[in-house]
Each structure stands twice: as C-alpha cells, then as structure tokens.
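Report on one structure; see the data block that follows.
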Amino acid sequence: MPEAAARTSTDVLRDLGVLPTRDGGSIRVWSGNADSVELEVYAPGDVAWAVDRVALERDEHGVWSGSSGALVEGAGYGLRVDGPSGIEHAFNPAQTLLDPYARGLVAAGPRAYRGVVLGGLGPEASVGSLDAKPRVPLDRTVVYELHVRGYSRANPAVPAELRGTYAGLAHDASIEHLHRLGVTTVELLPVHAFVSEDRLIRQGKVNYWGYNTLAFFAPHAGYATAAAQAGGAAAVRREFAEMVSKLHEAGLEVVLDVVYNHTAEEGRTGPTHSFRGIDNSGYYRHDAHGRYVDTTGCGNTLDAGHEPVAQLVLDSMRYWAGELGIDGFRLDLAATLGRDRNATFTSDHPLLRGMLDDPVVGATKLIAEPWDVGPGGWQTGSFPAGFSEWNDRYRDRMRDFWLGDLRRERESGSAGSGIGRFATRLAGSENTFAHDRGPLASLNFITAHDGFTLADLTAYDVKHNLGNGEGNRDGTDENRSYNHGVEGPTDDLAIRAARRRSIRNLLGTLLLSAGVPMLTAGDEIARTQRGNNNAYCHDSELTWLSWQLDADERSLRDTVARLIRLRAENPALRPVRYGRFGETVPSASQMDWYNADGETMTIDDWNSPAERTLQYLAASTPEHEPFNRILLVVHARDAETEVILPEHEGVDHYTLLWDSASETPATAAEEQRPGDRVEVSGLSMQLYRADGVA
C-alpha cells in the first residue's frame, strides 16, 4: 500500500480487509453487533475446497481480526458471522459472506461470491503515482460521461475481442475520438463490481448502468476482456489499471461514478451478499422500529453518519485514487453521504470533510450529485468548497430557454419568461453557489446517462419506455423537451434541420457557459435511444455508441470539437472566480450585457418575455494566461434579427469564431466593427473574439 494511503497505527479502524504477511495473510473486519466471526479460506482457484477456518477475535471497537497461512495471493475467502436476533439484525452463520474490503471477487455459484486475495499491482503500479496524473486545471476541464461497455462495443476500429472492455476504452481508436473532440476527462459510469437486481433477473434483463454495487474495492469483471476474466481477479484488476495508465499517457483524466449511498442487497428481503449479514444494524439506516430508512429509492441506505461506513467510503476512494490512479469521483446521490445519524443533511458532515482533508482523496476532482429522494434531499449549492455539483437548475433553464420557451411562443405567442434567468446560468449560477466557491462549483450539463439523449430531447415530447418492462411508469415525465412538431423520426427535412439547430444551440450554450461542462457520450453524434429516457436495463445497440456516422453526424462531431477548442483558447469563457461590481478580481471575467441595439440591458430587458436577444461581453482578468475578451450573441426567436455590435472601451473589432446557424463550423473568420449592424439567423448564437487595446 502506498505510504500516502496507509492508516496510522492509532486508527481503530485501520487496515480493514486482508493484508499479506510473511506467513500468509491477516484480516480485519468490522462488526459492532456480531457474537462471532469466522474466516473461511479456499484453495487458490477452487472456492469449493475450504483449506482453513479461523475464529476471529474481537477488540473493544468491534474489529475482528485473525490470520491464516492459507490466506495467500489468489486464495478465495469468505466470512461466517453470527449474532443476536431481532428485526434490526440478519445474522446467519450458515451463510458465507463477502468481505466489504475485498479487492477481487470470484463467483461461487448463482448469486454467490467470495473475496480473492490480491497482492501488489506489480509492473503497472506507477498508475497510482500522483506525478503520472494529468492534473487538468478545473477551469480547463471538459468532462465526457461514458459507459465502458457501450463506448467501444460497436466500434469496428477496435479489435473484436476488446470491444466493450477496459482494454477497448484504452485502444488507440477509442482515444483518437476523445482527442478529436478535445475532452479532458472521462467520467465512467460505475465500474465497482455490481450485480443485477433480482427483479431484472426474473424479467430476463440486466442492470446495464451499474448502480447496484456488490463490492467497493473490486473492478467489475464483466468489463474485462475474456482473457482477463479467465485469468481471474488479479488479471481483471491489471487490465483496469492498464486502461487508466494508457488514458493518462494520452493526457486524459479518469473520474469514476461511485455509488456509496446503497448496496446491491436491496430491501430487507433482498439478497444478502455482505453488509446485511455482517452487521445489518451497523451498516444500514434504520428507524426506531428497526425498519430500513431508504433515501436512495433502491431499498436500502448506507449510514454515512456511522464512522465504520464513512471509513469504508474513504478507504475505498483512497484505494482507487492512491493505488489505481483515479483522478476524481462523481458521488451518486451525494446528499445521502452528507446525512448525519439523524438522517439530516449537513454541509460540514465528517465524511464530506474527510474527503476534502484526505491527502490523496482531497487532491482529486470531487463532483457531487447533490440530491437524493429522502426528506430535504435537494441540496444543490449546499456542498462545501472543494466540491463541484451537478447543476440541475442549469440543465432545466437551458432546456426551457431553447426548447420549452420556443414551444410556448409558437403555441401562445409568448415565450413566458425573459432572458435574465438564462444569463444567470450562462454566467456561472452565482445565485446558487456561495460567492467564495466561484463558477467552477457548477458542473453544467444538458443531458446525462439518465433521461433523454440530446437528440431525443429535440425529437420526443414524452418518454417511450415500454421496453423496460414497467408499463412506461419508470423514468421522469419532466423532460423539458420539444419534438419540433412530430414525435420521433420524420422525413420532414425542415423539422430535421430545426432539431439539428436546437442541438447546436444547446451544445453551444453548454460549452460556452461559465462552469465545468459535462458532455454525455454520443450527444456529439446525435445518438438516439428512440425516446427511452431510462435505458438502464438495455445492453444493446439502443445504448451503445454507433460509429457509422452520416454527414450530419460528422458535422455535429466537428462542431463540438470546434466549440471545445474555442473554450480552451478563450479564458474569458471559463472564469475561476465570481466578479465583484466595481472591482477587478483575478480570474473573474468582467461581464457586460447589451440588448440587440447594443445598449446596456435594463431591468425591463432582463424580465420581459418579449426580449429574447442578448449580447454578452466577457473580458478575462488574467493570472496565468494572456488577456482575452469575447462577445456572445444569443437570439432565441424564430425570425432572424439584426443586432448592433456594442461599443466598448478597448474594443475596435470583432472576429466571428462560430455561428450555430451553420451546419458545419466555419473556418474563415469574419471581422466586424463596434456599431456595425449584423444579421443573426433565427434561433442561433454567434461567438466573436473582441480585439483591441486591453
């Protein structure tokens, strides 16, 4: 274990799990309520053959420990735990359980698993070196959310035996696409070992997304190549580590979507794999009557207010970041992780503070999904400095502005809202996040793995989820989408062109906003799920990326690449801090706002539903980069309009960099002068560089 990841000898919960020794291995397991814990060790490669059983001894803190000469690298092992009865307990000494700290897994029958003892990584151990990490500054970060299997599964440029695997993601053809786009950071949907829910298994379906964790320290074996799976747990982990190493060599960060809020044990009558049998009362939240408190909607909730659970989370994060080289974590339903013993969210929760204060975990990117389904579960803007948060208010406002408002204006003659709320989100959502956190606290997104894809957002008014087997009841009904007049596919060329234009406007908004942008894999090529907004149970071409692109899809991909490059080249688009009126704040863009006539926006301009045109002039206040100033023109009406480019001190000409009205990104730059009248197409955006004397 790297020195930075080691626990101090005074830590009562130190070194949980298996540690190799000269004489085999030792194990430490926490169970505060157990009466006895027995270690069962199997012969390497044969979990049907038990070669040793050891009764573990308890200390005063509920940690059970022991050692075995058979606990060697490659050996399988499990735990048998006995304790008191009662509604809050689930002890059963006849059942063999999985160590919560198991680094590797092996199947021991249908729905049964054992831990596997793993040694060091060996030759690829350097992936955990902090010096080997790309360490992309947060303001330069562009996140790309992808599914390990779905990303390369259908890519003919990846060898067949590698498609849909860790090795497939690390293949040159996979990396080439990421480089073409210019994204900096891949965010992987869950790769902790997971299983499908019993309900899905009965229906003949699978949990494709992976939000049903079995083991928090082991990579999911199903994403490894067949050769690695045949080689066992060590080979699976090695392939994962090699993927991280290759992505780092390509300059790409790796962020994991992690699910520390619940486990695969489901509700009280669900399968028992590990936590429930080891200490049901200690690991899960219960009410005063011993019943589960579920703030996740998944049947159970890990009690992050209990120190052993918080320690498990920190140890897991430290392992992935310190030993496997991971660059950051997106914390699923993170509000659950900030709930105290009374299930109340608090921003100074010891677990959240522990993440920030840990020398390994705190050096990574920390991204919170700032809500759960429990009381007081919506906490966007409430996390401490050091976290970025999925900004659902940004998502909703930008969808409304380009889609919902357009529908309302076409149907009623009024968009229903002014441009002010759009501008607030564009400028970094200062009304949501504390001033000292700055705009990088906002993780901006239009779509994510759950919900409509970007193409479907412009093609469907309602969800089409019958294929999920739940009678179209699952998935949100609050899509804020607009089909542009026809539900689903159409041969109408005008509608298809309008949808493409809306996609470009949404992508342009995302990639030119202050904050940290997240692009969902496939949105850059208009991937569709045929209106399914909750495709969690489909491992098929419905959810895989298609690599057979037509001309429109190639043009969209090139547009996204152009926008990402423009974001990188223009620091005025990516401020680090919020500005203060009348002050020059370093790395906080100075923002001026003008209407279509080139005049400073008035209160009426901000609030009137009739005002749908805006000119946004942003100038950087540089600390580390040259001075830069941009002008963004936004026009959200069907009819084309004319704007007067604003006159501003230090600006003597504007150079057009991008126009969303164009199907393809322009290569020839056009120059205009302040005061010039410029035609702006209906429902479009124009980005200019504003040059002159700084």
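Here are some notes:
- Some residue of the range 284-295 being assigned by TED's automatic domain parsing to the domain that holds Tyr208 and touching a Leu at 6+ places or on another chain (Cβ under 6 Å): no
- Whichever residue in the range 667-687 is in a loop (DSSP other than H, G, I, E, B) and over 20 Å from Glu611 (Cβ atoms) and, among such residues, is nearest to the chain's Cα centre (by Cα): Thr667
- All of (1) touching a helix residue (DSSP H, G or I) at 6+ places or on another chain (Cβ under 9 Å); (2) on the phi < 0 side of the Ramachandran plot hold for Ala669 with one exception: (1).
- Residue check: Asp294 meets all listed conditions (1) touching a residue at least 60 places away in the same chain (Cβ under 8 Å); (2) buried (at least 22 other Cβ atoms within 10 Å of the Cβ); (3) in a loop (DSSP other than H, G, I, E, B) but one, namely (2).
- Residue in the range 608-618 that is within 23 Å of Arg504 (Cβ to Cβ) and in contact with a helix residue (DSSP H, G or I) (Cβ under 6 Å, 6 or more places away or on another chain) present: yes
- Phe581 falls short on exactly one of the conditions (1) under 23 Å from Ala441 (Cα atoms); (2) touching a residue at least 12 places away in the same chain (Cβ under 8 Å); (3) not charged (D, E, K, R), and that condition is (2).
- Some residue of the range 307-319 being part of a loop (DSSP other than H, G, I, E, B) and surrounded by fewer than 21 Cβ atoms within 10 Å (Cβ to Cβ): no
- 1 or more residues crowded, with 18+ Cβ neighbours inside 10 Å, within 20 Å of the chain's Cα centre (by Cα) and among the charged types (D, E, K, R): qualifying strands (runs of 3 or more DSSP E) within the range 161-237: 185-188
- Candidates are the residues of the range 259-315 that are within 23 Å of Gly338 (Cβ to Cβ) and of a type in the set (Lys, Arg); the one that is farthest from the chain's Cα centre (by Cα) is Arg291.
- Residue count for the range 291-310 satisfying the condition of being over 26 Å from Ser196 (Cα atoms) and out of contact with any strand residue (DSSP E or B) (no Cβ under 7 Å at 6 or more places or on another chain): 2.
- The combined condition, being at pLDDT below 95, more than 22 Å from Leu614 (Cα to Cα) and either more than 25 Å from the chain's Cα centre (by Cα) or not assigned by TED's automatic domain parsing to the domain that holds Asp550 (or both), is not fulfilled by Gly488.
- Boolean, Ala75 is out of contact with any Leu (no Cβ under 7 Å at 6 or more places or on another chain) and over 12 Å from Leu214 (Cα atoms): yes
- For Thr664, the requirement of being surrounded by 19 or more Cβ atoms within 10 Å (Cβ to Cβ), assigned to a loop (DSSP other than H, G, I, E, B) and either not assigned by TED's automatic domain parsing to the domain that holds Thr584 or not charged (D, E, K, R) (or both) is not met.
- Any hit, the range 48-60, residues being under 18 Å from Pro308 (Cβ atoms) and either within 36 Å of the chain's Cα centre (by Cα) or basic (Lys, Arg) (or both): yes
- Matching residues in the range 201-220 - criterion: being among the small types (Gly, Ala, Ser) and under 17 Å from Gly150 (Cβ atoms): Gly210
- One residue stands out among those in the range 667-694 that are touching a Leu at 6+ places or on another chain (Cβ under 9 Å), buried (at least 20 other Cβ atoms within 10 Å of the Cβ) and among the hydrophobic types (A, V, I, L, M, F, W, C): the one that is farthest from Val560 (Cα to Cα), which is Ala690.
The values are calculated or read from the model by the stated rules, or taken from the named source; none is laboratory data. Model, not experiment: these values are computed from the prediction. We place every Cβ from the backbone using ideal geometry, glycine too, and count neighbours over all the protein chains shown.
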